[in-house]
2 protein chains.
Amino acid sequence: MPEPGAGEVLCRTRYLSLDPYMRSQIAGRHTSGAVVPGDVMNGETVSEVVRSNVTSFSVGQLVRCMGGWQEYSVHVASELSTVADNIDPPSYALSVLGMTGLTAHAGMIWLARVCAGECVVIPAVTGGVGSIAAQLCAARGARVIGIAGSGEKCRYAIETLGAADCIDRRSEDVEARLGKLCPDGINVYFDLVGGSILHAACRNLAHYGRVVLCGLMAEYNRADRTPGPAPGLLIGKRAVVSGLVVYDYEPRRDEFIRECLPLVVQSKLTQREDITVGLANAPAAFHRLMSGQNFGKVIVKA
Amino acid sequence: MPEPGAGEVLCRTRYLSLDPYMRSQIAGRHTSGAVVPGDVMNGETVSEVVRSNVTSFSVGQLVRCMGGWQEYSVHVASELSTVADNIDPPSYALSVLGMTGLTAHAGMIWLARVCAGECVVIPAVTGGVGSIAAQLCAARGARVIGIAGSGEKCRYAIETLGAADCIDRRSEDVEARLGKLCPDGINVYFDLVGGSILHAACRNLAHYGRVVLCGLMAEYNRADRTPGPAPGLLIGKRAVVSGLVVYDYEPRRDEFIRECLPLVVQSKLTQREDITVGLANAPAAFHRLMSGQNFGKVIVKA
């Protein structure tokens, strides 16, 4: 257990968020930097203040911070933010009201500006980002087509997340099904996975279709990279392809929470969590996430 | 010589525009459709009315139309537009004030919204689209870096088109030079060529850099297609990549001409034309265009 210095706060990890970007940090390819052997793995946490040398945070209070894959972490006050009392369970501060929720909101609402009546395709639709994106788009009157890794996940996408339909990528021909389910083309594709599904989606784009590039789940475990869609295809579609890095939207996090917290409190926005107990089990939980065996946002309860 | 029917106009080709998209039509891959053996090659022309069965066009008048690679063409009135008397030479209605000028304006002004102080990279910078794009961007205070196929073209880009610098793609390492000439990254890349230069430009994009995909000059003669930049690169750059098809901007052609004609009349916007005399020489001129031997907008004078 480290000692907090002057102006520092000692925090104990209560919940740790596991996210695919961590794989990219291990590979040294992430925009936020690399994690090398000997480093503590990065990770957003909901932590409890156990000792405080600042006036703005007091012992027992729950905070959100980059605590990492460890029991205790020390922070200056500017690295901490309060977890509001009405965020229940507190792990929601890491999922629907945390970075994954912010990513979904930034991508679909602020960047792609999804509108009623539009056809939106979301892969990994039951995952942390996908599940919030689906609900936000459906709530705006968009027709959401999900893509997921099992029949059970597809049913969940339709019954709980508001998807109009969902493609089981393990048992169905994704491109052929996209063609059938989106006869007028895809207006918005939220690319959380990269790889062949990105190409299939681009071939099925509507004219002026928007693609938000956000994640590369299908690629993080590979050394090579699938190239992007051919320029000629994007020209013919008049496509608009935008790269999204959620950190850029950090200044708008409060605005996002103001908008989404009421929806969560009213159960209009739900988050299925895939909770593993015990920090020692984080590596195994991360492996399950990276192989698509999780079902919902992956959280480790310390 | 065909006979115009009721409501039709017989036109004689005076100037024919040759453009790279024609190669793509021959390959059957262009968004506007295919040209197959036995068809007349498509092409925009400035033509003279020689017989008219409509009241809105009279004999002797110059019109712009899709006359094609032929001496005479017959049109209904809605397919013709008047070439204003002050467009001098009339071939400018096919270049700076025609489809190539409209493409440059649509791409750089309407779509990319180039601003003063931005670093804009334009390949094929002495060609039909590139040369107008360079002048429009420089006039807005952007710092234009051209790419061209010879030292002579590079000098022209700097001395006449307002480029701050120009890379000779045949004798220089384009990517290394882009890195040096754009130390803070490229804000806007106007992709008229595809291929390796697109990838080099994307690796040198600034954060939030915009790429306007417009042409594939480097690829039209090949059966395969270079894939696009990897999604991970575009994410890290927060890039915005947009496909441009000039036909979509046809309704704004008058607006474009209102803005640019005064600049042409005042010689603030110039067009170097590469003129071949005689329609029979159009195939040879087209071959010169596709191999980059032209210098300026390629026009055939009938």
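Each reported figure results from applying straightforward, stated rules to the coordinates on display, with no laboratory input. This structure is a prediction, so every number in the text was calculated from the model and none was measured. We place every Cβ from the backbone using ideal geometry, glycine too, and count neighbours over all the protein chains shown.
Report, ordered by chain and residue number, the aspartates and glutamates lying within cross-link reach of residue A:180, taken as a straight Cα distance under 20 Å and ignoring same-chain residues fewer than 8 apart.
List returned: A:118, A:165, A:168, A:172, A:191.
Please report the relative contact order for chain B, taking Cα pairs under 8 Å with a sequence separation of at least 6, and give it as a percent rounded to a whole number. The partial results should precede the final answer.
Numbers: 634 pairs, mean separation 51.4, N = 302.
Relative CO of chain B lands at 17 percent.
Per the Kirkwood treatment, what hydrodynamic radius in Å, one decimal, follows for the range A:99-247 from the mean inverse distance over all distinct Cα pairs? Working shown, then result.
Working: mean 1/r = 0.0674 Å⁻¹.
After inverting the pairwise mean of 1/r, the radius is 14.8 Å.
Among the lysines, which have Cα under 16 Å from the Cα of residue B:297 when same-chain residues fewer than 8 positions away are ignored?
B:153
Given Cα pairs under 8 Å that are at least 6 residues apart, what percent is the relative contact order of the range A:1-153? Each step should come with its number before you reach the end.
On the way: 287 pairs, mean separation 29.2, N = 153.
Worked out over the range A:1-153, it gives 19 percent.
Could you tell me the relative contact order of the range B:124-185? Use alpha-carbon pairs under 8 Å, at least six residues apart, and round to a whole percent. Present the calculation step by step, with values, prior to reporting the outcome.
On the way: 87 pairs, mean separation 17.8, N = 62.
Computed value for the range B:124-185: 29 percent relative contact order.
Sort the protein assembly as shown into rounded, prolate or oblate with this rule: let a ≥ b ≥ c be the square roots of the eigenvalues of the Cα gyration tensor; rounded if a/c is under 1.5, and if a/c is not under 1.5, prolate when a/b is larger than b/c, oblate otherwise. Could you put the intermediate results ahead of the total?
Values: a/c = 2.69, a/b = 2.09, b/c = 1.29.
Prolate is the answer for the protein assembly as shown, as a/c is 1.5 or above and a/b outweighs b/c.
Taking H as built 1.01 Å from N, whose amide H comes closer than 5 Å to the amide H of residue B:14, not counting residues under 5 places away?
B:46, B:47, B:48
Evaluate Rg over Rh across the range B:91-139, taking Cα atoms for both radii and Kirkwood's formula for Rh. Can you show the working numbers first?
Details: Rg = 10.2 Å, Rh = 10.6 Å.
Taking Rg over the Kirkwood Rh, I get 0.96.
Compute the label-point distances linking residue A:293 to its equivalents in the other copies; points lie 7 Å from Cα along Cα→Cβ; give nm, one decimal, shortest first.
6.4
Only Cα pairs within less than 10 Å get springs; with that Gaussian network setup on chain B, which residue of B:184, B:173, B:224 has the largest fluctuation?
Result for chain B, Cα springs under 10 Å: B:224 fluctuates most.
Once the other residues with Cβ under 12 Å from the Cβ of residue A:270 are scored (Lys, Arg +1; Asp, Glu -1), what is the net sum? Don't jump to the answer; show the numbers that get you there.
On the way: positive: A:268, A:272, A:297; negative: A:159, A:273.
Charge balance in the 12 Å sphere: +1.
In whole Å, how far is the Cα centre of the range A:33-64 from that of the range A:173-215?
39
Applying the Karplus parametrisation 6.51 cos²θ - 1.76 cosθ + 1.60 with θ = phi - 60° to the phi angles of the range A:143-158, what ³J(HN,Hα) value in whole Hz is obtained for each residue in order, glycine and proline being reported as x?
Here the 3J(HN,Hα) series is 9, 9, 10, x, 10, 8, x, 6, x, 5, 5, 4, 4, 4, 4, 6 Hz.
Which net charge results when you count Lys and Arg as +1 and Asp and Glu as -1 among the other residues whose beta-carbon is under 12 Å from that of residue B:118? Working shown, then result.
Values: positive: B:113, B:140, B:143, B:210; negative: B:184.
The answer is +3.
Quick one: which residues, 5 or more positions from residue A:167 or on another chain, have an amide H under 5 Å from its amide H? H modelled 1.01 Å from N in the peptide plane, none for Pro or chain starts.
Answer set, sorted by chain and number: A:146, A:147, A:148.
Cβ under 14 Å from residue B:62's Cβ, residue B:62 left aside: what net charge do those residues give with Lys, Arg +1 and Asp, Glu -1? All intermediate terms of the calculation are to be shown ahead of the outcome.
Details: positive: B:12, B:14, B:64, B:301; negative: B:44, B:48, B:85, B:88.
Its environment carries a net charge of 0.
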